[in-house]
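Take a look at the structure below.
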Amino acid sequence: MTFRIKHHLAIVATLALAGCGAMPNLSLPALKRNDFKGKPLSAVTERLGFPDGQDTVDGQKRYTWRKGAADRQCLITVVMAGDIVESYDTFGHSPICGQYEASAN
């Protein structure tokens, strides 16, 4: 590729990128968040699969999932109130946990 073609491609790329900054209404699609509170455990397992662990704390069942690799991991914890999800939380490597995070509401 000649210098002149490379130069023109660089200019086109720069203009295209600069144009994106001038579009304040441009938005990325919203990341679908998990809203499992108040739902049955089956709603969680449908999304995450079978839990990696289960125990009982203060009479409440707690389920855990581990997603990602050993050095970049997300721990997902669900605490049940009877047959429905009372709380849902993620902890760990942000890029891994992002897709599993609970909704902000």
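Measuring nothing but alpha carbons in the range 31-100 and taking Rh as the Kirkwood radius, the Rg to Rh ratio lands at 0.96. Of the residues Gln54, Gly38, Ser94, the one whose Cα sits farthest toward the positive end of the charge dipole of the range 31-100, with +1 on the Cβ of Lys and Arg and -1 on the Cβ of Asp and Glu, is Ser94.
Excluding same-chain neighbours fewer than eight residues apart, the aspartates and glutamates reachable from Lys39 by a Cα-Cα span under 18 Å are Asp83, Glu86, Asp89, Glu101. Summing Cβ point charges (Lys, Arg +1; Asp, Glu -1) relative to the Cα centre of the range 31-100 gives a dipole of roughly 280 debye.
Each reported figure results from applying straightforward, stated rules to the coordinates on display, with no laboratory input. All figures in this text were calculated on a predicted structure; none of them were measured in a lab. Heads up, the Cβs are rebuilt from the backbone with ideal geometry, glycines too, and the neighbour counts pull from every protein chain shown.
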